[in-house]
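J.: Please find one structure pasted underneath; my questions will follow.
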Amino acid sequence: MPQQKMSMTTKILIWMVCGLVVGSLINAFASEITFVQDYLVNGLFHVVGALFINALKMLVVPLVTFSLICGVCGIGDVGTLGRVGVKAFLLFMLTTALAITLAITVAVVVGPGESFDMQTVGQAEFTAPAAPPLTQVIIDLVPTNPIAAYASGNMLQIIFFTILFAICILMIGERGRSIAQGAERLNDVMMEVVNLVMHAAPIGVFALMAKTFSLQGLGLILPMLSYFGVVALVLVLHMTGTLMILLKLLGRVSPLMFLKKMRTAQIFAFSTSSSNATIPVTLRSVEKRLGVDNSTASFVVPFGATINMDGTAIMQGVATVFIANVYGIDLGISGYLTVIGMAVLASIGTAGVPGVGLIMLAMVFNQVGLPIEGIALIMGVDRLLDMMRTAVNVTGDATITTIVARAEDKISMETFSDPAAGQVEEVHLPHEAPLTEK
Ligand code: ASP
């Protein structure tokens with residue numbers, strides 16, 4: 001009988017659950033054992049997990065750069081590029097606004113924090129880091145030094161410069177062709193590097209999960225169950241409801257197939273808590289699994305990872321209602337409308353990295369006059385919620401990419417409908433002659 005091979009996603013999923021179980025067991029039974037803490041949690045798990053995240057981050061800048069050059073040269077027309085950009089931007093803002101509106105509505109109905117006893121959670125300190133004003137965010141779109149932008153991984157600046165550069169490749173006509181072809185080959189090489197790194201994913205994801213859960217016992221959730229539960233509920237509602245309805249109505253594609261093919265990217269987002277670090281996997285899933293053309297995906301995916309954060313907006317909506325309830329403050333309709341506007345704006349200026357949601361929340365609280373110290377209450381469970389909301393953020397990015405691609409007729413429906421399309425292949429190390437001449 002031929003043996004059916006286990007897909008990479010299933011493998012990663014199994015290792016992820018194992019990591020969760022091992023971590024939770026350590027948290028419950030071995031948190032006092034120095035040997036386990038020193039050698040396993042802060043030793044092996046920490047090192048392997050950090051190596052894996054570094055390897056992913058390593059791919060982001062070169063992949064986005066080469067892919068974007070190919071994308072712009074593939075579109076070949078600045079007008080179309082502008083149209084894709086505007087569509088994506090508006091849809092990103094729309095989904096973020098819908099997400100936070102849903103979050104506030106559900107939270108107001110459920111009322112988390114109404115009979116909250118402050119004594120049940122240990123008080124932590126929260127000092128709000130300064131967030132950049134919107135004017136600065138706009139000014140910073142243009143890098144003074146592109147090399148510095150690439151070196152620091154400033155995504156919006158990288159996108160700006162690369163698009164400009166690629167447009168000029170088009171503008172010099174025939175002479176630019178070899179540069180465009182070179183970028184195409186470099187992009188193929190980078191995609192292969194993504195493939196290689198993905199082979200390390202089961203171990204990497206295991207280590208990340210084991211470390212997180214050995215430090216963050218699930219018991220933390222109990223005193224915060226009302227807050228945690230509402231955020232989790234709205235995250236699920238938004239991901240499987242709002243986003244999938246939009247995908248069906250505007251994108252006219254099957255939400256089930258979409259979700260199935262996005263599983264790998266969601267797992268990566270969940271275990272790394274970073275939309276930015278997940279860009280290589282999102283890009284790969286959207287292009288190779290969903291069939292979106294590189295000309296759309298190369299631009300919309302990194303753009304979304306930076307400015308689109310539906311899951312984070314949901315956390316902010318529920319946190320606002322929760323803290324307002326705990327402190328007995330009535331925000332009123334205008335207060336909530338300010339929260340919605342602020343959350344949408346805040347998501348533009350902050351990149352998708354772990355924990356940035358709390359910084360954005362501080363901006364929102366400042367605006368509506370809620371006590372910033374209140375954020376200390378929810379900090380304990382934020383690590384776990386960060387994982388969940390990052391998976392939703394990444395799903396949102398891919399949803400909008402698919403919708404825009406469909407509107408632009410830049411998606412292969414044959415690839416989309418093929419369940420096996422773009423699965424991570426085996427790695428074949430070449431045994432042939434070297435490519436360069438002796
Ligand atoms: N970790 C999230 C992301 O990377 C941002 C956040 O909510 O803190 O998308």
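Taken together, the values in this text are just the output of simple stated rules run on the coordinates, not laboratory data. If you're wondering where the values come from, they're calculated on a predicted model, not measured in any experiment. Quick reminder, even Gly has a Cβ in these numbers, built from the backbone with ideal geometry, and neighbours come from all protein chains shown.
J.: What is the distance, in nm, between label points placed 7 Å from the Cα along the Cα-to-Cβ direction at I33 and at Q423?
T.: 3.8 nm
J.: Further question: At q = 0.09 Å⁻¹, work out log10 I(q)/I(0) for the chain with the Debye formula, treating every Cα as an identical point scatterer and leaving solvent out; two decimals please.
T.: Reported log10 I(q)/I(0), two decimals: -0.59.
J.: Select from A324, A30, A391 the residue whose mean-square fluctuation is largest in a Gaussian network model of the chain (Cα-Cα springs shorter than 10 Å).
T.: Of the options given, A30 has the highest mean-square fluctuation.
J.: Does the range 212-281 classify as rounded, prolate or oblate by the C-alpha gyration tensor (a ≥ b ≥ c root eigenvalues; a/c under 1.5 gives rounded; else a/b over b/c gives prolate, otherwise oblate)? Present the calculation step by step, with values, prior to reporting the outcome.
T.: Details: a/c = 3.17, a/b = 1.51, b/c = 2.09.
Oblate, since a/c reaches 1.5 and b/c is not below a/b.
J.: Let me ask another. Kindly provide the helix-only [θ] at 222 nm of the chain, computed as the sum of -39,500 (n - 2.57) over DSSP H runs of four or more divided by all residues, to the nearest 500 deg cm²/dmol? Write out the running numbers ahead of the final one.
T.: Numbers: 19 runs with 296 residues, N = 438.
The helix-only estimate for the chain comes to -22500 deg cm²/dmol at 222 nm.
J.: How many angstrom separate the Cα center of the range 202-223 from the Cα center of the range 57-97?
T.: Cα centres, the range 202-223 to the range 57-97: 34 Å.
J.: Looking at this model, which pairs from K57/K410; K211/K410; K211/K248; K57/K211 are more than 31 angstrom apart at the alpha-carbon? Could you put the intermediate results ahead of the total?
T.: Working: K57/K410 28 Å; K211/K410 41 Å; K211/K248 38 Å; K57/K211 19 Å.
K211/K410; K211/K248, as the Cα separations exceed 31 Å there.
J.: Now for a different question. Given labels modelled 7 Å from the Cα in the Cβ direction, how far is it in nm from E373 to M93?
T.: Using points 7 Å along Cα→Cβ, the separation is 3.7 nm.
J.: Separate question: Multiply the residue separation of K11 and I329 by 0.36 nm, subtract the distance between their alpha-carbon atoms, and state the gained length in nm to one decimal.
T.: Details: separation 318, 0.36 × 318 = 114.48 nm, distance 4.76 nm.
Extra length available between K11 and I329 comes to 109.7 nm.
J.: How long are the three semi-axes of the equivalent ellipsoid of the range 125-272, in whole Å, if each is the root of 5 times an eigenvalue of the C-alpha gyration tensor, listed from largest down? Intermediate values should be presented prior to the final figure.
T.: On the way: eigenvalues 266, 112, 84 Å².
One finds semi-axes of 36, 24, 21 Å for the range 125-272.
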